[in-house]
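Chemist: Input: one structure, supplied below.
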Number of protein chains: 2
Amino acid sequence: MTSAPGKRSPSDQKITDLLYLCHEHAKRGVGFDEVFALISSRYEQIVSELSLSVPIKALLDEIRTRIQGGESADYCASRGEFLHGHILAAWLGYEFVDPADMVRFDQRGVFLPEETNSKVAERLAKYERSVVSGFYGSKPDGSIKTFSRGGSDITGAIVARAVGAHIYENWSDVSGMLMADPRVVKNPKPIAMITYRELRELAYMGATVLHDEAIFPVREIGIPVNIRNTNEPAAPGTLIVRDADRERIPQAGHITGVAGRKGFSIIAIEKTLMNSELGFGRRLLTVLESNGVSFEHLPSGIDTLCVVVNSAVLEGKVDKLVNEIKLECRPDQIDVEHGIALIATVGRGMMHTPGMAAKVMTALSNAKVNIRMIDQGSGELNIIVGVREPDFERAVNAIYSAFVS
Amino acid sequence: MTSAPGKRSPSDQKITDLLYLCHEHAKRGVGFDEVFALISSRYEQIVSELSLSVPIKALLDEIRTRIQGGESADYCASRGEFLHGHILAAWLGYEFVDPADMVRFDQRGVFLPEETNSKVAERLAKYERSVVSGFYGSKPDGSIKTFSRGGSDITGAIVARAVGAHIYENWSDVSGMLMADPRVVKNPKPIAMITYRELRELAYMGATVLHDEAIFPVREIGIPVNIRNTNEPAAPGTLIVRDADRERIPQAGHITGVAGRKGFSIIAIEKTLMNSELGFGRRLLTVLESNGVSFEHLPSGIDTLCVVVNSAVLEGKVDKLVNEIKLECRPDQIDVEHGIALIATVGRGMMHTPGMAAKVMTALSNAKVNIRMIDQGSGELNIIVGVREPDFERAVNAIYSAFVS
């Protein structure tokens, strides 16, 4: 499974962007020869440099003709993968397989996993080794349809599932996932092994990782995913395993990663004997809901309840919300604090391991970070703390350093 | 302000219990001479031993006659305080003042604070020194009405407010409040100073303390309360001050007390992308409310929400509740765990002090206590942790020892 060639250098233009540009020209009835020449020369150069027997001119001619004929944006966007698949197959001496013949969507563009699975299994059974282009498939009328997000990763997962792979190796240009955001922590270590659940938690808190949705075809049947780096092929990368395997991978006392996001607000509500007032919390959440505000966390004390929300959803609603809460819940006091960052320390090694919370809190304390809220539920793989935004980077580094030596 | 004599030894019977017993006899038309003789002899003995000029026989005769005549339980219950007030006044050489003439309730038995305040102020202005019996007052028809709970403490607070006292000294048989439950922690230290808010938090978590409600007359106007011990008059006891004073009493890094309760359950609900589902929490709380279940805490993680409830209110409702939550919220998973103890570490010194949470967590970690949940909201005076009930005593001792040397 392959994806389109990216940029060779920052000034280079991505093939997919250039193909989109051709489409935009064609839509307006404007010629795009100059742009298409950039694409052609790039592929012709690759084919000639590697001395491959790919009918590159014929393939490019057909693509140009079809774009001129009004082919869809999806078609244009997919041609990079299509051409790259041909080239890689020729270079490896493998069979090229066009996913348009087997990755199926319905006419509205909804992916059809089961039909796809049988078609891919049937087709690939014919070849010992093959190269399948990623990112696209086709609708019943034969038109090309691309995946909306992380598409080549999905195709890889589809193929891995269909052929009953023991492992799905996902090669890109990073050596797996990192334990922290490299913009915050200097040279964070890669994550050797992670469960899907941990992956989702880190992604939710803003970690840039392989998107959970992108690997659903293998996730459900438990095929592990190995993220590898083409530029560093010896590195083991990150192995993503199913949640059920978390028990057999001892990691007590270790974390998988730490991630966080700024941009939260805390609405703190104080009311004497709130806990014994049936319906207090429900009335509060009803006010939030009727204002279209979903909450992230609800840390509470005795006589206090805090609502942690994404500040963006509060935009322009704070006064109305506060007034409605006053009316419905009659609190003794209500305060809104903006500029809160949430940090999740994630790891299956945290479950039932005494001392993990202590380590997080001690790290923050030593870094002189004031904790605005703490939240940890039962059976959790993570501890979430809220800090003031100016403390965010210091806090993440403190937690990272406490667990990673 | 005085209350009725208690037991001189464990085999002794409390005067108030004996007076109730007389009332029960009278109600059934049974003679109670023998029981009343126990009361009479006790008071006659006190008066004679102290050589006081109290017309004790006349007072006792009137009480017996009125009980025979069908006086209310409240009347009977209040006579211990009434007699004791007479005796103390005579012994000190002060004026005895019967609260029946000034502590007012309405005909339904609702206490009338403002009317009472003016009457007490007016009456006590006449004497330089006086003794007022606690625990009771009267309704418009002149019948005696007692306070339902902690009544003598309330009378003391009423008098302190009415006379504009600088301090309300509340003398009983304990040297103030303790930093932990002496049944759990060996020889806990007394609390030197505490705010009303801290008092309420410790009381809520099960600490046996002067009841918050008992001191409302002085709380609102900010008269400090000093709990003192008649058996240890030199001890400074505990000083209760208003919340506004918490700022001027530096206590950074110290806790006020640690208290906890067993008997909680955690309902843990897991659902992928729950945070982005508007109304999820509200639907959950609506199910709880319609089942009459109020929650104590709502610790949450990513994709999980836990409801901490008093196990007693779940009695016989668990299956119904779980089924309704499944129907309304369609969680991926739902689990109920009983046998949880909650522990609150309380202290105004915790606010904005880095390291307090670390100290609590480290103490629990060193004691090998597994933390089932953590909850700390913004601006909180406390950190609440949930532990398994068998770990409760160990956990409380660990936290106490971490802060108190």
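Chemist: Among (1) modelled with pLDDT of 90 or more; (2) over 24 Å from residue B:359 (Cβ atoms), there is one condition residue B:188 misses while meeting the rest; what is its number?
Modeler: Evaluating residue B:188 over (1) modelled with pLDDT of 90 or more; (2) over 24 Å from residue B:359 (Cβ atoms) leaves (2) as the failure.
Chemist: Can you tell me which condition residue A:2 does not meet? The list is (1) polar (S, T, N, Q); (2) over 27 Å from residue A:103 (Cα atoms); (3) at pLDDT below 90, and all the others hold.
Modeler: Result: residue A:2 passes all but (2).
Chemist: Moving on. In the stretch B:294-313, which residues are over 21 Å from residue A:293 (Cβ atoms), without any contact (Cβ under 8 Å) to a residue 24 or more places away in the chain and buried (at least 19 other Cβ atoms within 10 Å of the Cβ)?
Modeler: Residue satisfying the conditions is B:294 alone.
Chemist: Ok, one more. Which one is nearest to residue B:144 (Cα to Cα), of the residues in the stretch B:66-115 that are in a helix (DSSP H, G or I) and of a type in the set (S, T, N, Q)?
Modeler: Ranking the candidates gives B:78 first.
Chemist: Quick check on the stretch B:131-140. Is at least one of its residues free of Cβ contacts under 8 Å to residues at least 40 places away in the same chain and among the basic types (Lys, Arg)?
Modeler: There is at least one residue in the stretch B:131-140 that is free of Cβ contacts under 8 Å to residues at least 40 places away in the same chain and among the basic types (Lys, Arg).
Chemist: Another one. Among the listed residues A:202, A:178, A:210, which satisfies the condition of being crowded, with 21+ Cβ neighbours inside 10 Å and at pLDDT below 80?
Modeler: A:210
Chemist: Determine if the stretch A:273-293 includes at least one residue that is at pLDDT 90 or above, part of a strand (DSSP E or B), within 14 Å of residue B:281 (Cβ to Cβ) and not charged (D, E, K, R).
Modeler: Taking every residue of the stretch A:273-293 in turn, none turns out to be at pLDDT 90 or above, part of a strand (DSSP E or B), within 14 Å of residue B:281 (Cβ to Cβ) and not charged (D, E, K, R).
Chemist: Hey, does the stretch A:277-293 have a residue that's touching a residue at least 12 places away in the same chain (Cβ under 8 Å), within 30 Å of residue A:179 (Cα to Cα) and at the interface with chain B (Cβ under 10 Å from one of its Cβ atoms)?
Modeler: no
Chemist: Kindly provide the set of residues from the stretch A:322-367 that are closer than 30 Å to residue A:273 by Cβ, at the interface with another protein chain (Cβ under 8 Å from one of its Cβ atoms) and part of a helix (DSSP H, G or I), ordered by number.
Modeler: A:357, A:361
Chemist: So the check is Cβ under 8 Å with 6+ separation or different chains; which pairs have a first residue in the stretch B:362-385 that's at negative phi and modelled with pLDDT under 90 and a second one that's assigned to a loop (DSSP other than H, G, I, E, B) and among the hydrophobic types (A, V, I, L, M, F, W, C)?
Modeler: B:380/B:351; B:381/B:351; B:382/A:302
Chemist: Still on this model: Looking at A:320, A:359, A:368, A:326 in this structure, which one is closer than 19 Å to residue A:254 by Cα and either surrounded by fewer than 17 Cβ atoms within 10 Å (Cβ to Cβ) or charged (D, E, K, R) (or both)?
Modeler: On inspection, the qualifying residue turns out to be A:359.
Chemist: Tell me whether the stretch A:297-304 contains one or more residues that are modelled with pLDDT under 90, within 14 Å of another protein chain (Cβ to nearest Cβ) and part of a helix (DSSP H, G or I).
Modeler: No.
Chemist: Quick check on my filter: what residues within the stretch B:388-399 are surrounded by fewer than 24 Cβ atoms within 10 Å (Cβ to Cβ) and in contact with a Gly (Cβ under 9 Å, 6 or more places away or on another chain)?
Modeler: Hits for the stretch B:388-399 are B:388, B:389, B:390, B:392.
Chemist: Right, next: Looking only at the stretch B:18-25, decide whether some residue is touching an Asp or Glu at 6+ places or on another chain (Cβ under 6 Å) and either assigned to a loop (DSSP other than H, G, I, E, B) or modelled with pLDDT under 90 (or both).
Modeler: Within the stretch B:18-25 (the criterion being touching an Asp or Glu at 6+ places or on another chain (Cβ under 6 Å) and either assigned to a loop (DSSP other than H, G, I, E, B) or modelled with pLDDT under 90 (or both)), the answer is no, since none of the residues qualifies.
Chemist: With the condition kept exactly as written, say whether any residue in the stretch B:116-127 is assigned to a loop (DSSP other than H, G, I, E, B), over 23 Å from residue B:24 (Cα atoms) and not hydroxyl-bearing (Ser, Thr, Tyr).
Modeler: yes
Chemist: Here's a follow-up. Residue B:73 is checked against (1) closer than 18 Å to residue B:35 by Cβ; (2) of a type in the set (Gly, Ala, Ser); (3) loosely packed, with under 12 Cβ neighbours inside 10 Å and fails just one. What number does that condition carry?
Modeler: Single failed check for residue B:73: (3).
Chemist: Can you confirm whether the stretch A:233-251 contains a residue that is in contact (Cβ under 8 Å) with a residue 60 or more places away in the chain, more than 7 Å from chain B (Cβ to nearest Cβ) and acidic (Asp, Glu)?
Modeler: No, there is no match, as no residue in the stretch A:233-251 is in contact (Cβ under 8 Å) with a residue 60 or more places away in the chain, more than 7 Å from chain B (Cβ to nearest Cβ) and acidic (Asp, Glu).
Chemist: Does any residue of the stretch B:117-128 turn out to be of a type in the set (Gly, Ala, Ser) and touching a strand residue (DSSP E or B) at 6+ places or on another chain (Cβ under 6 Å)?
Modeler: No, the stretch B:117-128 has no match at all.
Chemist: Hey, another quick one. Looking only at the stretch B:90-116, filter to residues that are among the hydrophobic types (A, V, I, L, M, F, W, C) and touching a strand residue (DSSP E or B) at 6+ places or on another chain (Cβ under 7 Å); which one of those is surrounded by the most Cβ atoms within 10 Å (Cβ to Cβ)?
Modeler: Ranking the candidates gives B:103 first.
Chemist: To continue, here is another question. Looking at the stretch A:261-270, is at least one residue at pLDDT below 85 and either more than 14 Å from every other protein chain (Cβ to nearest Cβ) or buried (at least 23 other Cβ atoms within 10 Å of the Cβ) (or both)?
Modeler: Checked the stretch A:261-270: no residue is at pLDDT below 85 and either more than 14 Å from every other protein chain (Cβ to nearest Cβ) or buried (at least 23 other Cβ atoms within 10 Å of the Cβ) (or both).
Chemist: Assess whether residue B:309 counts as being more than 9 Å from chain A (Cβ to nearest Cβ) and within 27 Å of residue A:201 (Cα to Cα).
Modeler: Yes: the conditions hold for residue B:309.
Chemist: Looking at residue B:398, is it farther than 21 Å from residue A:297 by Cα, outside any strand (DSSP E or B) and within 12 Å of another protein chain (Cβ to nearest Cβ)?
Modeler: yes
Chemist: Surrounded by fewer than 20 Cβ atoms within 10 Å (Cβ to Cβ), over 23 Å from the mean Cα position of the chain (by Cα) and at pLDDT below 90: does that describe residue A:142?
Modeler: No; evaluated as a whole, the condition is false for this residue.
Chemist: Yes or no: residue A:222 at positive phi, within 14 Å of another protein chain (Cβ to nearest Cβ) and in a loop (DSSP other than H, G, I, E, B)?
Modeler: Here the answer is no, as residue A:222 does not meet what is asked.
Chemist: Now, a different point. Output the number of the condition that residue A:316 fails; it satisfies all remaining conditions of (1) more than 9 Å from chain B (Cβ to nearest Cβ); (2) more than 19 Å from residue A:263 (Cβ to Cβ); (3) of a type outside the set (A, V, I, L, M).
Modeler: Against the list (1) more than 9 Å from chain B (Cβ to nearest Cβ); (2) more than 19 Å from residue A:263 (Cβ to Cβ); (3) of a type outside the set (A, V, I, L, M), residue A:316 comes up short only on (2).
The values are calculated or read from the model by the stated rules, or taken from the named source; none is laboratory data. None of these values were measured; they are calculated from a predicted model. Note that each Cβ is placed from the backbone with ideal geometry, even for glycine, and that neighbours are counted across all protein chains shown.
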